[in-house]
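K.L.:
Starting off with a structure, shown below.
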Amino acid sequence: MEHVGEHEIRLVSDQMYCVERRVYNQGVLQGQLHKKEKASQPLAQKIAHSCRCSSKKAKSILTSFLPILKWLPKYPVKEYLLGDIVSGISSGVMQLPQGLAYALLAALPPVFGLYSSFYPVFLYTFFGTSRHISIGTFAVISLMIGGVAVREVPDEMFDIADDNSTNSTDPENIGARDDMRVKVAVAVTLLSGIIQLCLGLLRFGFVAIYLTEPLVRGFTTAAAVHVFTSQLKYLFGIKTKRFSGPLSCLCSLIAVFSNITKTNVAALVVGLICMVLLLGGKEINDRFKKKLPVPIPMEIIVVVIGTGVSSGMDLSKTYEVDIVGNIPRGLLPPKVPDIHLISSVFVDAIAIAIVGFSMTISMSKIFALKHGYSIDGNQELIALGICNSVGSFFQTFAVTCSMSRSLVQESTGGKTQIAGTLASLMVLLVIVAIGYLFEPLPQAVLAAIVMVNLKGMFKQFGDIAHFWRTSKIELAIWIVAFLASVFMGLDYGLLMAVGFALVTIIYRTQSPKYRILGQIRDTDIYCDVEEYEEVKECPGIKIFQANSSLYFANSELYVNALKKKTGVDACAILAARKKAQKRHAKELKQLHKHEKKAVLKLTSEDVENGVKLEGPKDELSVNGKFLATAATTQDSSPDELEHFMEPGINVHSIILDFSPVNFIDSVGAKTLKSIIKEYEDIGISVYITGCNGSVMDNLVRLQFFDKPTRRDLLFPSIHDAVLSSSQLKVPSASQRPLEADSYMPELQEQN
């Protein structure tokens, strides 16, 4: 088989082709091609057609809005059910501890993390298009929710002290604070869900492209730093104020280490033991994942052990270890969110909506590509919007895709969204039946779970070395996203990172690569002459290429690069020529003036003495001619003429390769007209090649072809333009006009 492959490769590399055709320019080509007739419908007819309903169209709309109607009737029970059950149980046992832990990140009572692990996960089964992602609580989104809740409802509002004394706070005040923070979290969740739903219905799924991979990875790494610092107080058992906004990360670190002497040793020991167990379990799962039928559920094991030890030793009373506390049994009745809070959390809701969607769509695309199915970005927005907006009526906070749970769900054999449904049912069982059993669970255990789950995010620091080798601009985006998010907070940091990413796009269009192309001998292939030794320039022809579009922001840069790369500055040559012509006319005027004065000096004696007259007359004629010649020769030597005029004389054609150009605006079209006119004035033809259909439409709309002859300047390929322009001949030195000698000193002065 290997020999066959090598033989096929050799055959492909030895293939040749020979095409014999005439040289086409755009004018000739358009004359031989016939555009397809496109019937344009009136606007009223288009609206009527879009509003027309048929059974087929109604079914298509319904199945696109409810994807479960498409895949559930075809569900292969024998092939998929067992894998979905195992996967659902595996991800469900992760949903429970992570829901409790991430509720602390959101500055909410732990039970609301369980609610957020049930309602949205169950709803996604009906509306989502990804078969493998696990929807639910996620550290980054939970932290952003917590930042909003703490900002809007600080501890000071309820006279809650931030010291470590046991009797310094009133439980009623803490309960009132938590109730108010729940209202804020629910309001921001409702608004973010509405934003996602509207974006999905308006087909705005493309907004995620502005969150590039370096930006998202830098942002999530910064979020991991925020999450880690926010959990330190739970790990050390220290009661400190929770900070939000710019420099909140530094303030949290200062608050923890300034109270480090008040560490609760029992809480620290419990947290460290749990971290060791979790890290060991993750290492075993990673190392033996091919041999293990399912990953070891270390998180639920740690939660069970921690709950048992805390209950048996009564850590809450004996060692004053903070525990989860009251977990009410059953589901809360639906409640309308407080819409009066929406105005104060609007900006935060936009950030949460976009970040949540970017996390979901990125993981969805990875699994879809791996397993060979397609996802709909707009429908994912709709699904997330419904999960968040509907869930907010049941006291949930914003959710998105969890990377760790999604990997577990996929690796344990999950095939469809049924796995997510089973996971949500496991959480429901805990809420309605056995949730109260986890009330003695130490908060240090939840902090350990959160910190260990950040391991994958902290590995993203390795991106710095990767982007240093591959792209310095993407490295800059990563660093800006990370630093801005760490120091300015996640909301402002995300805004600054997106702004910087857009600036890099402008920078790239403002700093394109400019090349002079040459021909590989006996081929129609043209490459950069500075990159390959085998590539040679065509005599008398300069082929110029810029790998960017031509528009208002870079048109001047394009012209300057063209002058520099080709070595021909048409403006300077024209200006020098005009100045030289003026000077030449002035010299001729002075010469005639001297001749007139010489004639007036002739007397009658000079006329009688013919011999004497002939001498000065001939001398005057000779001297006059010598005077003009000397003036020219004195100002420009042959060396100067060769140095300054060689580019202009040896180049008769300039070809602009437009194959990398995607669009051209009115400023670019005017620039193109100016280039053609200026070079025509000095006897150099300008041709344009490789324009795609979009650029041609731009040129037609911008009236570039107001002169019909301009179509003859466009060619479908570089080789067509080279063959056409090769028919032109460079004038020899004897054919150069006299003005060329006279304007060279001025060109030298300008240069």
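The values are calculated or read from the model by the stated rules, or taken from the named source; none is laboratory data. Quick caveat: nothing in here was measured; it's all calculated off a predicted structure. We place every Cβ from the backbone using ideal geometry, glycine too, and count neighbours over all the protein chains shown. The area values use the complete protein model at the heavy-atom level, side chains included, leaving out ligands, DNA and RNA. Shrake-Rupley method; radii C 1.70, N 1.55, O 1.52, S 1.80 Å.
K.L.:
Place the peptides 349-355, 562-568, 457-463 in order of packing, highest mean first, counting for every residue the other Cβ atoms within 10 Å and averaging per peptide.
P.N.:
Peptide ranking by packing, descending: 349-355, 562-568, 457-463.
K.L.:
What part of the accessible area of region 20-87, given as a whole %, is carbon or sulfur when the probe is 1.4 angstrom?
P.N.:
62 percent
K.L.:
Cα-based Rg of region 21-69 per 2.2 N^0.38 Å, rounded to two decimals? Let's see the in-between values first.
P.N.:
Values: Rg = 21.3 Å, N = 49, 2.2 N^0.38 = 9.7 Å.
That works out to 2.21 for region 21-69.
K.L.:
With every protein chain present, what is the per residue accessible area of region 220-276 (1.4 Å probe, Å²)?
P.N.:
Details: 2350 Å² over 57 residues.
Result: 41 Å² of accessible area for each residue.
K.L.:
Rounded to the nearest 20 debye, what is the charge dipole size of the chain about its Cα centre when +1 sits on each Lys and Arg Cβ and -1 on each Asp and Glu Cβ? Present the calculation step by step, with values, prior to reporting the outcome.
P.N.:
Numbers: 74 positive and 70 negative charges, 423 e Å.
Charge dipole of the chain: 2040 debye, to the nearest 20.
K.L.:
In the structure shown, do any of Lys291/Lys459; Lys365/Lys472; Lys183/Lys365; Lys290/Lys472; Lys233/Lys291 have a Cα-Cα gap over 28 Å, and if so which?
P.N.:
Violating the 28 Å Cα-Cα cut-off are Lys183/Lys365; Lys290/Lys472; Lys233/Lys291.
K.L.:
Continuing with this model, one more query. Using only the Cα atoms of region 341-403, what do you get for the radius of gyration and for Dmax, in Å?
P.N.:
Cα only, region 341-403: 13.2, 43 Å (Rg, Dmax).
K.L.:
Follow-up. To the nearest 20 debye, what charge dipole does region 464-597 have about its Cα centre, counting +1 at the Cβ of each Lys and Arg and -1 at the Cβ of each Asp and Glu?
P.N.:
It comes to approximately 1540 debye.
K.L.:
What value in Å³ per residue do you get for the convex hull of the alpha-carbon atoms in region 76-131?
P.N.:
84 Å³
K.L.:
Write down the Å³ per residue value for the convex hull defined by the alpha carbon atoms of region 118-262.
P.N.:
Considering the Cα atoms of region 118-262, their hull volume per residue is 147 Å³.
K.L.:
To continue, here is another question. Roughly speaking, what % of Cα-Cα pairs in region 414-553 are separated by over 22 Å, rounded to a whole number?
P.N.:
Of all Cα-Cα distances in region 414-553, 70 percent exceed 22 Å.
K.L.:
Right, next: Among Ile194, Ser411, Ala546, flag the residue with its Cα farthest along the positive direction of the charge dipole of the chain, charges on Cβ as +1 for Lys/Arg and -1 for Asp/Glu.
P.N.:
Selected residue: Ile194.
K.L.:
Given Cα positions, please report Rg to Rh for region 315-465, the hydrodynamic radius being the Kirkwood one.
P.N.:
1.00
K.L.:
Would you mind computing, in nm to one decimal, how far apart the modelled labels at Glu283 and Glu533 are, each placed 7 Å from Cα along Cα→Cβ?
P.N.:
Using points 7 Å along Cα→Cβ, the separation is 5.4 nm.
K.L.:
Take every Cα-Cα distance within region 664-709, group them into 10 Å bins from 0 onward, and report for each bin the whole-number percent of pairs it holds.
P.N.:
With 10 Å bins starting at 0, P(r) equals 25, 58, 17, 0.
K.L.:
Viscosity 0.692 mPa s, temperature 37 °C: what is the translational diffusion coefficient of region 112-162 from Stokes-Einstein with a Kirkwood Rh over Cα pairs, rounded to a whole number of µm²/s?
P.N.:
Values: Rh = 13.3 Å.
Using the Kirkwood radius from Cα pairs, D works out to 248 µm²/s.
K.L.:
A follow-up question, please. Please report, largest first and rounded to whole Å, the three semi-axes of the ellipsoid equivalent to region 197-273, where each semi-axis is the square root of five times an eigenvalue of the C-alpha gyration tensor.
P.N.:
Over the Cα atoms of region 197-273, the ellipsoid semi-axes are 37, 13, 12 Å.
K.L.:
Among 59-65, 663-669, how do they line up from the highest to the lowest mean number of other beta-carbon atoms within 10 Å?
P.N.:
Ranking the peptides 59-65, 663-669 by packing returns 663-669, 59-65.
K.L.:
Further question on the same structure: Two decimals is fine: what's Rg over Rh for region 430-474, C-alpha atoms, Kirkwood radius as Rh?
P.N.:
1.39
K.L.:
What is the calculated FRET efficiency for Ser511 to Tyr210, with r their C-beta to C-beta distance and R₀ = 22 Å, to the nearest 0.05? Intermediate results must be reported in sequence, preceding the final value.
P.N.:
On the way: r = 20 Å, r/R0 = 0.93.
In this case the efficiency is close to 0.60.
K.L.:
What distance in nm separates the simple spin-label points at Thr470 and Glu556, each placed 7 Å from Cα in the Cβ direction?
P.N.:
3.6 nm
K.L.:
While we're here: Can you pull the one-decimal nm distance between simple spin-label points at Gln703 and Arg203, each 7 Å off the Cα toward Cβ?
P.N.:
Taking the two extended label points, one gets 3.3 nm.
K.L.:
For n ≥ 4 DSSP H runs only, could you compute -39500 (n - 2.57) per run for the chain, divide by its residues and tell me the 222 nm figure to the nearest 500?
P.N.:
-20000 deg cm²/dmol
K.L.:
Can you tell me what share of the DSSP beta bridges in the chain is antiparallel? A percent to the nearest 5 is fine.
P.N.:
50 percent
K.L.:
When the gyration tensor of region 231-273 is built from Cα positions, what are the square roots of 5 times its three eigenvalues, in whole Å, from largest to smallest? Mind showing how you got there, number by number?
P.N.:
On the way: eigenvalues 85, 20, 10 Å².
Result for region 231-273: semi-axes of 21, 10, 7 Å.
K.L.:
Could you estimate the translational diffusion coefficient of the chain from the Stokes-Einstein equation, with Rh from the Kirkwood formula over C-alpha pairs, at 10 °C and 1.306 mPa s, in whole µm²/s?
P.N.:
49 µm²/s
K.L.:
Of Lys513/Lys670; Lys582/Lys677; Lys36/Lys707; Lys542/Lys707; Lys335/Lys370; Lys589/Lys670, which ones are farther than 29 Å apart at the Cα? Walk me through the intermediate numbers first.
P.N.:
On the way: Lys513/Lys670 22 Å; Lys582/Lys677 22 Å; Lys36/Lys707 25 Å; Lys542/Lys707 24 Å; Lys335/Lys370 41 Å; Lys589/Lys670 40 Å.
Pairs exceeding 29 Å: Lys335/Lys370; Lys589/Lys670.
K.L.:
To the nearest 20 debye, what charge dipole does region 666-719 have about its Cα centre, counting +1 at the Cβ of each Lys and Arg and -1 at the Cβ of each Asp and Glu?
P.N.:
Using only the charged Cβ atoms, the result is roughly 140 debye.
K.L.:
Continuing with the same structure: What number do you get for region 165-244 when its Cα radius of gyration is normalised by 2.2 N^0.38 Å, N = residues?
P.N.:
Normalised by 2.2 N^0.38 Å, the Cα Rg of region 165-244 equals 1.59.
K.L.:
Separate question: Give, to the nearest whole percent, the P(r) tail of region 311-383 beyond 13 angstrom, counting all Cα pairs.
P.N.:
79 percent
K.L.:
Where q = 0.12, 0.22 Å⁻¹, what log10 of I(q)/I(0) comes from the Debye formula for region 220-361, counting one point per Cα?
P.N.:
Taking Cα atoms of region 220-361 as identical point scatterers yields -0.82, -1.24.
K.L.:
Sticking with this structure for a sec: Which helices of the chain meet both criteria: a Cα extent of 24 Å or more along the helical axis and a mean Kyte-Doolittle score no lower than 0.0, with helices taken as whole DSSP H segments?
P.N.:
77-105, 171-201, 213-236, 265-287, 346-371, 490-510
K.L.:
While we're looking at this one, here's another question. At 0.36 nm per residue, and after removing the present C-alpha to C-alpha distance, how many nm does the segment from Val294 to Ser717 gain when stretched out fully?
P.N.:
146.4 nm
K.L.:
Which order do the peptides 407-414, 469-476 take when ranked by the mean count of other beta-carbon atoms within 10 Å per residue, highest first?
P.N.:
407-414, 469-476
K.L.:
Hey, another quick one. So what are the ³J(HN,Hα) numbers for region 17-25, from phi and the Karplus equation (6.51, -1.76, 1.60; θ = phi - 60°), rounded to whole Hz, Gly and Pro as x?
P.N.:
Each residue of region 17-25 in turn: 9, 9, 10, 10, 8, 7, 7, 9, 10 Hz.
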